[in-house]
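Structure record follows, encoded as structure tokens.
The values are calculated or read from the model by the stated rules, or taken from the named source; none is laboratory data. These numbers come from a predicted model, not from an experiment. All Cβ positions, glycine included, derive from the backbone under ideal geometry; neighbour counts span all protein chains shown. Surface areas here come from the heavy atoms of the whole protein model, side chains and all, with no ligands, DNA or RNA. Shrake-Rupley method; radii C 1.70, N 1.55, O 1.52, S 1.80 Å.
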Amino acid sequence: LQGQRPEAPNSVQMTDQLKRWRLLLGGEEDATGAELSGDDLKVDGSLQALYGGTQAQAQGRSSRKGGLGASTPGVARWLGDIRTFFPSSVVQVMQRDAMERLGLKQLLTEPEILNSIEPDVHLVATLVGLSGVIPERSRQTARQVVAKVVDELLRKLEQPTRQAILGSLARNLKKKRPRHQDIDWLQTIRVNLKHYQPAHRTVIPEQLVGFGRKRNSMADLILCADQSGSMATSVVYAGIFAAVLASLPAVTTRMVAFDTAVVDLTEQLSDPVELLFGVQLGGGTDINQALGYVQTLVRRPEETVIVLISDLFEGGNESEMLKRAAALKGSGAEVIALLALSDDGTPAYDHENAAVLAAHGIPAFACTPDMFPELMAAALRHEDLQLWASTHGMITARAAK
């Protein structure tokens, strides 16, 4: 091909490029001269309904605020159109934009709308937040939508979580000798018969065999989730992970959610959908009160991991909150301040409180759902979590000087 001149774009390619620019810019005065018809016109209509045109944006007007209208059929058609013409990832972005720009949250209370929506974790957070006002005729449909997302997340997250947690605990067992009360003497004698000493008429127990703590779990995990509106997706993920962890007999898991009140959701861990509908997103934040309740749950500090999922914007007694967190850490428990558990990137959080917690040895950073199983495994191995987070590219809060 050396020496050949590149071919000039043909008229078909030029027309396609102009149509793309026309759809991108919106409006009729875009200087492209491109005319739309058929499916392109429908795509333009869907975009116009949500985002408006460049002229409206330039004049500072909202993009046809409420332009989908209040009729259920109109919204259902729009939802069907965007699912037809855009890939799933784009559909989810447009749905989230519509909830804010077009007041779609009010329209989600209709069963027909819920059945038309491409469900994702953000939609679950919205439905959970609306659970108190969803009319009875839509409640079952809302639960079905939430159940679909929960099932998908469980399929994706359950196996990695099991492998990481059980693998970590198995490695811990290999390093530790069983305590005196945990020794299985019959099995220990059998394993060590080859070390029988005739002269002393005894067996040298070079290898001790334990019962494996049949009655007690090997670790206690407490997830304490801030259910204020800014933490909505984090609460959804926390509920899913708590349900998975609760299914592992090797650990005891508790789930606590809070705003200005504290609710223990541990009894609902066997049903993640029920658990999520038990969350009341929104309201204020009283981390101090939540940590006070967590303190009453700690039975074996040195074998306890506490994950505080919060942006640390305290609406209660801030100084007492920091003291409680330090006291939990000082008792021997592993305490983690997870600023977000989501795919949304760097969270907004209270940097001063995060720095104070870091000074007390409590690492504060955000974590994506795919890394959460490894985080819990590292915590159970008693690794340096500040170092672990830095090694995995997570932005961590620096200790206050």
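Conditions tested, residue by residue: (1) within 17 Å of VAL244 (Cβ to Cβ); (2) modelled with pLDDT under 85; (3) open to solvent by 100 Å² or more (accessible area, probe 1.4 Å).
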position: VAL145; (1), (2), (3): no, no, no
position: LEU154; (1), (2), (3): yes, no, no
position: PRO160; (1), (2), (3): yes, no, no
position: ALA164; (1), (2), (3): yes, no, no
position: SER168; (1), (2), (3): yes, yes, no
position: ARG171; (1), (2), (3): no, yes, yes
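Do you know which of the residues in the range 228-270 that are of a type in the set (D, E, K, R) and more than 17 Å from the chain's Cα centre (by Cα) is nearest to LEU154 (Cα to Cα)?
Per the stated criteria, the residue is GLU267.
Does the range 265-284 contain any residue that is acidic (Asp, Glu), touching a strand residue (DSSP E or B) at 6+ places or on another chain (Cβ under 9 Å) and not in a helix (DSSP H, G or I)?
Filtering the range 265-284 down to residues acidic (Asp, Glu) leaves 267, 271, 274.
Restricting the remaining residues to those that are touching a strand residue (DSSP E or B) at 6+ places or on another chain (Cβ under 9 Å) gives none.
No, every residue in the range 265-284 fails to be acidic (Asp, Glu), touching a strand residue (DSSP E or B) at 6+ places or on another chain (Cβ under 9 Å) and not in a helix (DSSP H, G or I).
Residue check: is THR346 farther than 21 Å from LEU291 by Cβ and modelled with pLDDT under 90?
Taking the combined requirement at face value, the residue satisfies it.
Could you grab me the full set of residues in the range 248-282 that are among the hydroxyl-bearing types (Ser, Thr, Tyr), at pLDDT 90 or above and open to solvent by 20 Å² or more (accessible area, probe 1.4 Å)?
Passing the criteria: THR252, THR266, SER270.
Does THR296 count as farther than 21 Å from GLU334 by Cβ and either modelled with pLDDT of 95 or more or hydroxyl-bearing (Ser, Thr, Tyr) (or both)?
No.
Can you work out which of the residues in the range 311-360 that are assigned to a loop (DSSP other than H, G, I, E, B), open to solvent by 20 Å² or more (accessible area, probe 1.4 Å) and hydrophobic (A, V, I, L, M, F, W, C) is nearest to ASP259 (Cα to Cα)?
Among residues in the range 311-360 that are assigned to a loop (DSSP other than H, G, I, E, B), open to solvent by 20 Å² or more (accessible area, probe 1.4 Å) and hydrophobic (A, V, I, L, M, F, W, C), the one nearest to ASP259 (Cα to Cα) is PHE313.
So the check is Cβ under 8 Å with 6+ separation or different chains; which pairs have a first residue in the range 220-231 that's open to solvent by 10 Å² or more (accessible area, probe 1.4 Å) and a second one that's among the hydrophobic types (A, V, I, L, M, F, W, C) and assigned to a strand (DSSP E or B)?
ASP220/VAL251; ASP220/VAL305
Going by the conditions given, is LEU308 under 26 Å from VAL251 (Cα atoms) and in a strand (DSSP E or B)?
Numbers: under 26 Å from VAL251 (Cα atoms): yes; in a strand (DSSP E or B): yes.
In short, yes.
Pick from the range 35-67 the residues that are open to solvent by 40 Å² or more (accessible area, probe 1.4 Å) and at pLDDT 70 or above: which of them is nearest to the chain's Cα centre (by Cα)?
Here the residue is TYR51.
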